[in-house]
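Heads up, the thing below is written out as structure tokens.
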Amino acid sequence: MDRADSPTLGAEGYRLRRDNAQYSVAASGARGLLYGAYSLADELEHGSFQAGEFVPRFADREWWSAAFQANFNLPLGGAFDRPIEEISAAVERIIREAPAYGINTLQLMGRAGEGGIDVSWFLHYDDFPKLQRRQLGWGIERRTAEIRKLARAAHAHGMDFLLWDHELVFPDNMLEAYPEMRGTGYPYCFSNPLVFRFLDAKLDEFFRRLPEVDGIDLTFAETHGYNLLEHGGCQCERCSRIPTEEKVRRVILAMHEACLRHGKRLEVRSYNQLPTHQAVMRKALRGLPPDIRIVSKNTVVDFRGTDYPDNPLLGAFAGQPELLELTACPEGSGYGYIPALLGGFYKDKIGRMAVERKLAGVALRVDYHLQYGHATFFTAGPAVLTFDTANEFNIVAASRLAWDPRADVRQMFLAWSRRRYGERAESARRALARSASISQGIFFVKGFSLLTHLDMVPHLATIDEELKKSYLLEYFPENSAYRATYEKLKSPSETTIAEVLAGKQAAVDAAEESLRDARGIPDLERGFTTARNAAVLWKDIAAAYFRLLRVEQGLEDGTKLTAAVRTELADACRIEKQSAQVWPVYPAARGITAYDFAREVIERGKLCCISVPSCQ
Ligand SMILES: [Zn+2]
């Protein structure tokens, strides 16, 4: 190992050389040396040594973990009763994997409203003595110790360590303790100076207690407190004169000041849930101090498979470093239940969009597979990380592209499958090559995310709502193709139903084919069995829902609908007998069972004479 003086390497690049049996790594910074050493070790192990200079194309390469999003031992402050050691171990595993990919920041995501990690988790509110009688839970010191340990581990692996925080999360008894903060027609008055004194004190105390944390990522719109985007807020004379974007901006600037006081960094997510909120974010985040990074998801609102259009906020903030937020899990395309390898998708988002829009980097969620990583996940058994499933390839592809967006994803797929599946690599590749289109076929209808509640069997009302309030219609009102598809789906003809079902059948067929290819590879057999079952079930759900619309609109009698419901029930029962009471027949989070779905259809379609089996 050498120190290199090459000006082209920067702090994170490295040079690999070979002189006969002597290999060397040279870098001008510690991170460069670390990445180079990992790379050399890996290449020597797999006989793939390549000499040259390697410099990351994007400055910001982040991994995010949802392990602490909402859960662990209840008394310690989570929403689930899982040991904190188990959750920490999952994060430690992620930290250990990161240097091999040249990742330079780790973030822990959280949801304040669901008991998840947030700056307020660690506070005694030193500067607000009247708050200190609050029941903080006995876990505060333990939580602090755990997070400090993880932060130190992240540093040892070449990463900055950031935590999510949310705007204006007040403790439960804030108003009792400080009634002067009460607003007009709303619990809090934004114009009361206590609001900003509270913000300042909160961050000061946080960084005093956890100096190892390198900064925070401020998330709006999901706060169960004062949600600046959603809540009209206080109606007093002063508050009603402040536009929402100004409120958002003031909070960001106050947090930024506090971060600077402690030598910390600030990132702000542009996440929003309505076109009007997007307009607010567009104004609020423009022209901020240039060290504030902005993070935007690849598409509007939430992750929605592979075909939704790019988020217009990406590249909308000239002069501001902006990160593209992606998920490797793939949330919105089957969560952790089925293989869905999205190499081509990442190549398009990072290789094309991030480059074209001059983004500063990529933030990748790596562990939605962590079943306990979400407050509403009730899947039994130990936590499963993405690394332990075929979807590991999504981490590989997105992370490598974040280092080099020109990297060849097909070569990556070849090399990865050889390592993971050995002599079965070719069959594994054949099976997995279809996985992205299978998941798209299951969860989408003519390009619309429909017929699911975040991948669960939905209430009928949820489907109605998704159809009517699709992100596509709301955020892209000028797109006539989306409008035309919506009209077709809203009042389906026989032709439309035939087209939808043909799409669903294609997913069933592809899943069957992949299942045949995957025989003898246990994790893929399991994955594609689940994918096949889900494809069958969602074909049935599609038939039932669109037939129901026709019956309700007086376009046909209940004959075909009755047949569709019977088929759905028979398939659900067959799947349950094969796989027990698990997804997709039973929901793991949100949603309902396939049987309850049938009950709703029977009721709304006024069908008679169908009995819903108990299937035991
Ligand atoms: Zn007010």
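The values are calculated or read from the model by the stated rules, or taken from the named source; none is laboratory data. As the structure is a prediction and not an experimental result, all values here were calculated from the model. All Cβ positions, glycine included, derive from the backbone under ideal geometry; neighbour counts span all protein chains shown.
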Matching residues in region 211-234 - criterion: being farther than 19 Å from Val248 by Cβ and either surrounded by fewer than 18 Cβ atoms within 10 Å (Cβ to Cβ) or not assigned by TED's automatic domain parsing to the domain that holds Glu257 (or both) = Pro211, Glu212
Scope region 187-202; condition touching a Lys or Arg at 6+ places or on another chain (Cβ under 8 Å) and outside any loop (DSSP other than H, G, I, E, B); matching residues | Tyr188, Phe196
For Pro193, work out the one condition from (1) surrounded by fewer than 17 Cβ atoms within 10 Å (Cβ to Cβ); (2) touching a helix residue (DSSP H, G or I) at 6+ places or on another chain (Cβ under 9 Å) it doesn't fulfil.
-> (2)
Region 219-236, residues that are within 16 Å of the ligand (Cβ to nearest atom) and hydroxyl-bearing (Ser, Thr, Tyr) | Tyr226
Pair list, Cβ under 8 Å, 6 or more apart: region 477-506 residue not assigned by TED's automatic domain parsing to the domain that holds Val551, other residue assigned to a helix (DSSP H, G or I) and buried (at least 17 other Cβ atoms within 10 Å of the Cβ) | none
Based on what the data block shows, is Ile216 more than 12 Å from the ligand (Cβ to nearest atom), under 23 Å from Ala66 (Cβ atoms) and either out of contact with any helix residue (DSSP H, G or I) (no Cβ under 9 Å at 6 or more places or on another chain) or not polar (S, T, N, Q) (or both)?
-> yes
Looking across region 563-591 at residues that are surrounded by fewer than 19 Cβ atoms within 10 Å (Cβ to Cβ) and β-branched (Val, Ile, Thr), the single one that is modelled with the highest pLDDT is Thr567
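Restricting to region 505-537, what's the tally of residues that are outside any helix (DSSP H, G or I) and crowded, with 18+ Cβ neighbours inside 10 Å?
Start the filter on region 505-537 by keeping residues that are outside any helix (DSSP H, G or I), which leaves 518-521.
Narrowing the set further to residues that are crowded, with 18+ Cβ neighbours inside 10 Å leaves 518, 521.
Adding up the residues that qualify gives 2.
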Kindly indicate the residue of region 466-486 that is surrounded by 11 or more Cβ atoms within 10 Å (Cβ to Cβ) and among the acidic types (Asp, Glu) and also modelled with the highest pLDDT among those meeting that condition.
-> Glu474
Of the residues in region 196-208 that are surrounded by fewer than 18 Cβ atoms within 10 Å (Cβ to Cβ) and of a type in the set (D, E, K, R), the one that is nearest to the ligand (Cβ to nearest atom) is Arg197
Residue list for region 172-186, restricted to those being within 11 Å of the ligand (Cβ to nearest atom) and assigned to a loop (DSSP other than H, G, I, E, B) = Gly183, Thr184, Gly185, Tyr186
Sole miss for Glu146 among (1) away from the ligand (no atom under 16 Å from the Cβ); (2) not in a helix (DSSP H, G or I) is condition (2)
